Amino acid sequence: MANATQHPFAELSPARVVAAIESLGFWLPGEPFALNSYENRVYLVHDDERKRWVVKFYRPERWSDAQILEEHAFLAELAADEVAVAAPWRNADGESLHHAEGFRFSLFPQLPGQAPELENPAHLFVLGELIGAVHAVGERSCFAHRKQQDLDHMVIEARERVLQGPWLSGKQRGTYERITDELHRALMPHAWPHERAIRVHGDCHIGNILGRDEHFALVDFDDSLMAPAIQDLWMLLTADHDEERHMQLSEVIEGYEQHREFDRSELTLVEPLRTLRLLRHSAWLVARWEDPAFPVAFPWLADAGYWDGHIRELEQQRLALADKPRWLA
């Protein structure tokens, strides 16, 4: 599909995107519009009936077919329970994962709307309610092919990914090794047994929640995995002051418990999960640097100043882990 020096996505021209979609029986009167996505390539298109679709071309070699289909089956299960998600389109044979010129892709109905406001109590309640509905379905069975969120493995993997590259100066490398080793030791008492995990969205930030007024839907289950319920809630908890913190937490949990009881002991995992996300984000950028979209979008990764700031953030997280969990009453 691509030569040895060219990233596979370089072959994904607009003409090939259109041809792939039209091979499924659609006719597209206009050009595909590229959406802001880096892990995969995602386009907005409309068909001859003016219906809008989001088309996702999966990053080669990231997920197996079985893992993608397991995500699609979870979405179908959620949609059957009338949970507000975007389930993939299926052809007459019931297939949701399609192939064209070496690429795998899927179509999803576009869900219009804007991101929620995390300062708005009504929004927080309905977001909690939405995620509670997802988890009420998610706890019914387990993923067989998708990942388990394993704190130990994921920290080590992210740390080694950064250390194996040329990104850090000699001084930065020594400091990064020290602080990540300290973080690893501090995080291990917070590790959870796999039996505690349920099927979750996995990347539940406000960019993956769309709607308006008090009606929202959850999109992009690309990172769905087995994890504690708090994985889908902690990014909604952004407050720094006690009064606002109490409001956010009470609204989210009250909404969540319309569908499923929330184990409040999981609030001790908020800072460990924040730490894990910080570590994995930098490692993700490093891992994807050969994709030409990444140097253009994230040029600061190659600057020493970025790594100085990242190390400072990790030091702050070490202190946060040593403090009393601020989301517990």
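Close contacts from the range 73-92, counting a first residue that is farther than 13 Å from residue 134 by Cα and a second that is assigned to a loop (DSSP other than H, G, I, E, B) and at pLDDT 95 or above, with Cβ to Cβ under 6 Å and a gap of 6+ residues or different chains, come to 88/96; 90/96. Among the residues of the range 17-31, is any surrounded by 13 or more Cβ atoms within 10 Å (Cβ to Cβ) and either within 18 Å of the chain's Cα centre (by Cα) or among the basic types (Lys, Arg) (or both)? Looking through the range 17-31, none of the residues is surrounded by 13 or more Cβ atoms within 10 Å (Cβ to Cβ) and either within 18 Å of the chain's Cα centre (by Cα) or among the basic types (Lys, Arg) (or both). If I ask for residues that are touching a residue at least 60 places away in the same chain (Cβ under 8 Å), surrounded by fewer than 20 Cβ atoms within 10 Å (Cβ to Cβ) and not in a loop (DSSP other than H, G, I, E, B), which ones from the range 109-128 would you list? Those that are touching a residue at least 60 places away in the same chain (Cβ under 8 Å), surrounded by fewer than 20 Cβ atoms within 10 Å (Cβ to Cβ) and not in a loop (DSSP other than H, G, I, E, B): 114, 121, 122, 125. Just one of (1) in contact (Cβ under 8 Å) with a residue 12 or more places away in the chain; (2) farther than 22 Å from residue 155 by Cα; (3) aliphatic (A, V, I, L, M) fails for residue 296. It is (1). Given the condition hydroxyl-bearing (Ser, Thr, Tyr), closer than 24 Å to residue 143 by Cβ and within 19 Å of the chain's Cα centre (by Cα), answer yes or no: does some residue in the range 45-66 qualify? Yes: one or more hits.
Taking every residue in the range 301-325 that is on the phi > 0 side of the Ramachandran plot and pairing it with any residue that is modelled with pLDDT of 95 or more and assigned to a loop (DSSP other than H, G, I, E, B), at least 6 positions away or on another chain, yields no pair with a Cβ-Cβ distance below 7 Å. The set of residues in the range 210-222 being surrounded by fewer than 18 Cβ atoms within 10 Å (Cβ to Cβ) and either of a type outside the set (Lys, Arg) or free of Cβ contacts under 8 Å to residues at least 40 places away in the same chain (or both) consists of 213, 214, 215, 217. Consider the range 184-204. How many of its residues are modelled with pLDDT of 95 or more, farther than 18 Å from residue 146 by Cβ and surrounded by 13 or more Cβ atoms within 10 Å (Cβ to Cβ)? Residues in the range 184-204 being modelled with pLDDT of 95 or more, farther than 18 Å from residue 146 by Cβ and surrounded by 13 or more Cβ atoms within 10 Å (Cβ to Cβ): 3 in total.
For the range 225-266, the set of residues classified as part of a helix (DSSP H, G or I), touching a residue at least 60 places away in the same chain (Cβ under 8 Å) and in contact with a Cys (Cβ under 7 Å, 6 or more places away or on another chain) consists of 232 only.
Of the residues screened, residue 268 is one that is among the β-branched types (Val, Ile, Thr) and touching a His at 6+ places or on another chain (Cβ under 7 Å). Answer yes if at least one residue in the range 178-186 is over 18 Å from residue 318 (Cα atoms) and not aromatic (Phe, Trp, Tyr), and no otherwise. Among the residues of the range 178-186, not one is over 18 Å from residue 318 (Cα atoms) and not aromatic (Phe, Trp, Tyr), which makes the answer no.
Could you look through the range 41-52, keep only residues that are of a type outside the set (Asp, Glu) and surrounded by fewer than 20 Cβ atoms within 10 Å (Cβ to Cβ), and pick out the one that is farthest from residue 289 (Cα to Cα)? The extreme case among them is 50. When 170, 165 are checked against the criterion of being in contact (Cβ under 8 Å) with a residue 60 or more places away in the chain and more than 17 Å from the chain's Cα centre (by Cα), 165 stands alone in meeting it. When 238, 268 are screened for being surrounded by fewer than 20 Cβ atoms within 10 Å (Cβ to Cβ), over 11 Å from the mean Cα position of the chain (by Cα), of a type in the set (Val, Ile, Thr) and closer than 28 Å to residue 36 by Cα, only 238 passes.
For the range 146-169, indicate whether the set of residues that are closer than 17 Å to residue 76 by Cα, assigned by TED's automatic domain parsing to the domain that holds residue 202 and either surrounded by 13 or more Cβ atoms within 10 Å (Cβ to Cβ) or not acidic (Asp, Glu) (or both) is non-empty. Yes, the range 146-169 contains a residue that is closer than 17 Å to residue 76 by Cα, assigned by TED's automatic domain parsing to the domain that holds residue 202 and either surrounded by 13 or more Cβ atoms within 10 Å (Cβ to Cβ) or not acidic (Asp, Glu) (or both).
Here the range 283-329 is the region considered, the condition is being more than 25 Å from residue 237 (Cβ to Cβ) and among the charged types (D, E, K, R), and the residue that is surrounded by the fewest Cβ atoms within 10 Å (Cβ to Cβ) is 290.
Residue count for the range 129-162, restricted to those that are among the charged types (D, E, K, R) and part of a helix (DSSP H, G or I): 6. Among the residues here, residue 85 qualifies as buried (at least 16 other Cβ atoms within 10 Å of the Cβ), in contact with a helix residue (DSSP H, G or I) (Cβ under 6 Å, 6 or more places away or on another chain) and among the hydrophobic types (A, V, I, L, M, F, W, C). Among the residues of the range 272-329, the one identified as within 21 Å of the chain's Cα centre (by Cα), closer than 24 Å to residue 227 by Cβ and not in a helix (DSSP H, G or I) is 288.
The values are calculated or read from the model by the stated rules, or taken from the named source; none is laboratory data. What you see is a predicted model; the values in this text were computed from it and never measured. Please note: Cβ atoms are built from the backbone with ideal geometry, for glycine as well, and neighbour counts cover all protein chains shown.
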